[in-house]
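To start, the structure under review is shown below, and the notes come after it.
The values are calculated or read from the model by the stated rules, or taken from the named source; none is laboratory data. Note that this is a predicted model, so its numbers are computed, not measured. When we count neighbours, we look across all protein chains shown, and the Cβ atoms used for this are built from the backbone with ideal geometry, even at glycine. Note: areas computed on protein heavy atoms with side chains; ligands, DNA, RNA excluded. Shrake-Rupley method; radii C 1.70, N 1.55, O 1.52, S 1.80 Å.
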Amino acid sequence: MLSDHPRQLTALLAALLLGGGGGAFAVASFGPDPSALPVREVIDTVEPLALAPQAEALDAYTFNLYRSDIVRPTDTVESLLARVGVSDPEAAAFLRQDPVVRSQLLGRYGRTLRVEATDQHALRNLTARWVVDDRGGFQRLVVERNASGRFASRVETAPLAASTRLGSGTIRTSLFAAVDDARIPDEVAIQVADIFSAEIDFHRGLRKGDRFSVVYEALEADGEPLRTGRVLSVEFVNNGKTFQAMWFQEPGSKGAYYTLDGKSLTSSYLASPMEFSRITSSFSMRFHPILKTWQAHLGTDFGAPTGTPVRTVGDGVIEFAGVQNGFGNVVFVRHNAGDVTVYAHLSRIDVRPGQRIDQGQRIGLVGATGWATGPHLHFEFRVNGVNKDPVDVARRSQGMALTAAARPTFDRMAGVMRAQLQAAGTTFARAD
């Protein structure tokens, strides 16, 4: 038995291992010695390529330069061409004299510009694009050098193309800072604040760490984003509570925002008569800056620069538009038998008595007329003659309910929106 002779077994195994190792070492030692290998020297002649043909080919090669920019209100022909890297006296002379260029380009703030130039910085063509109105089209100014070497200009009209974009962000200081960090347009932030205005206090209720995901339209001209379209869906987490919304339009009716389970978010009244702005005095008691007494403040003051657009919070008819005591330039809008809104201290009035207006329509501009210590809008919401908090009124007013016929289509779209919002949560404002 092997168990009866352990010492003999151990000795046998050691001998086998040593023998195997010695065998392996012996085989390795029999390999060829590199110093004994034969060495052969090979000498050949290399003919260099001729440099002259290469230099001629480089001299004959031409390329084009491309540059994009935005037109500024103070631009002259010289400053504009210098900023886009064009040095072309002939082109500059044409741009200064051409009536189309003078009326459609110079002094037109915000129009996108793209130029193509030669490698000698001479202008080949210039294209400017801008949105005409809200009907989904844009115009294109084209200046180009023709076959005879002379410049010509023309203006063309074309439709905007809608594309879907996704983005997400986290609140660290403000909503606008968050969308800037995420490279999302400010117009998207304004729409999000409007959508959830009755649910979230964007002036005082945001918390560090709040986050959002959004799916929105970008309206493109020749493949370049020219303006921001509608927010299609959005998710906002505020102080740990999640809010979701999507745009849906039933055939034959106005579109509206709903939660993803079908509850309407579009109120009969907007919570604010201005796009996302700074509230300087809320609906409460305050020390009157002119009368120097404590009084009930029966409205909300929105601090904003003179000239900021003011919109009506709901559909209605202009009941009064003119000057009235401490209100200065003021507009009264009657929405129904009991509801009236007041917009005071305006620098300009853009409506007239008896005019019918739609929710969100501009009625004037912020100013400091009447009893005002600085530019701001004083806004009141009166129900049967009693002043009410406009935010509370917006929260209580009912929106548009889904019909039974539209529900299957809505549910299918809601499923798509959930998937897109989930993707947007992991996306840094990229195109879909």
Inset, instruction - Only residues that are open to solvent by 30 Å² or more (accessible area, probe 1.4 Å), β-branched (Val, Ile, Thr) and part of a strand (DSSP E or B): list them for segment 236-266, please. - result: Thr242
Legend entry - Long-range neighbours under 7 Å by Cβ, at least six apart or interchain, first residue over 22 Å from Asn64 (Cβ atoms) within segment 75-96, second part of a loop (DSSP other than H, G, I, E, B) and open to solvent by 10 Å² or more (accessible area, probe 1.4 Å): Asp75/Leu106
Legend entry - Where Arg207 falls short, out of the listed (1) open to solvent by less than 50 Å² (accessible area, probe 1.4 Å); (2) over 30 Å from Phe63 (Cβ atoms); (3) in a loop (DSSP other than H, G, I, E, B): (1)
Legend entry - Residue ranges of strands (runs of 3 or more DSSP E) in segment 315-432 with at least 3 members under 15 Å from Ser272 (Cα atoms): 339-349, 362-366, 376-383
Legend entry - Of residues in segment 209-248 being under 29 Å from Asp69 (Cα atoms) and either among the small types (Gly, Ala, Ser) or in contact with a His (Cβ under 8 Å, 6 or more places away or on another chain) (or both), the one modelled with the lowest pLDDT: Gly223
Inset, instruction - Please work out which residue is nearest to Val237 (Cα to Cα), limiting yourself to segment 160-176 and to residues that are surrounded by fewer than 20 Cβ atoms within 10 Å (Cβ to Cβ) and not hydrophobic (A, V, I, L, M, F, W, C). - result: Thr170
Inset, instruction - Residue by residue through segment 172-215, note down the ones that are in contact with a Phe, Trp or Tyr (Cβ under 7 Å, 6 or more places away or on another chain) and either of a type in the set (Lys, Arg) or free of Cβ contacts under 8 Å to residues at least 12 places away in the same chain (or both). - result: Asp186
Legend entry - Tally of residues being open to solvent by 10 Å² or more (accessible area, probe 1.4 Å) and at negative phi across segment 177-191: 8
Inset, instruction - Out of the residues in segment 76-99 that are closer than 18 Å to Arg114 by Cβ and of a type in the set (S, T, N, Q), state the one that is least open to solvent (accessible area, probe 1.4 Å). - result: Ser79
Inset, instruction - For segment 295-314, name all the residues that are outside any strand (DSSP E or B), under 13 Å from Glu380 (Cβ atoms) and of a type outside the set (Val, Ile, Thr). - result: Leu298, Gly299
Inset, instruction - Being in contact (Cβ under 8 Å) with a residue 24 or more places away in the chain and surrounded by fewer than 18 Cβ atoms within 10 Å (Cβ to Cβ) is the filter here, so list the residues in segment 325-346 that pass it. - result: Asn325, Gly326, Gly338
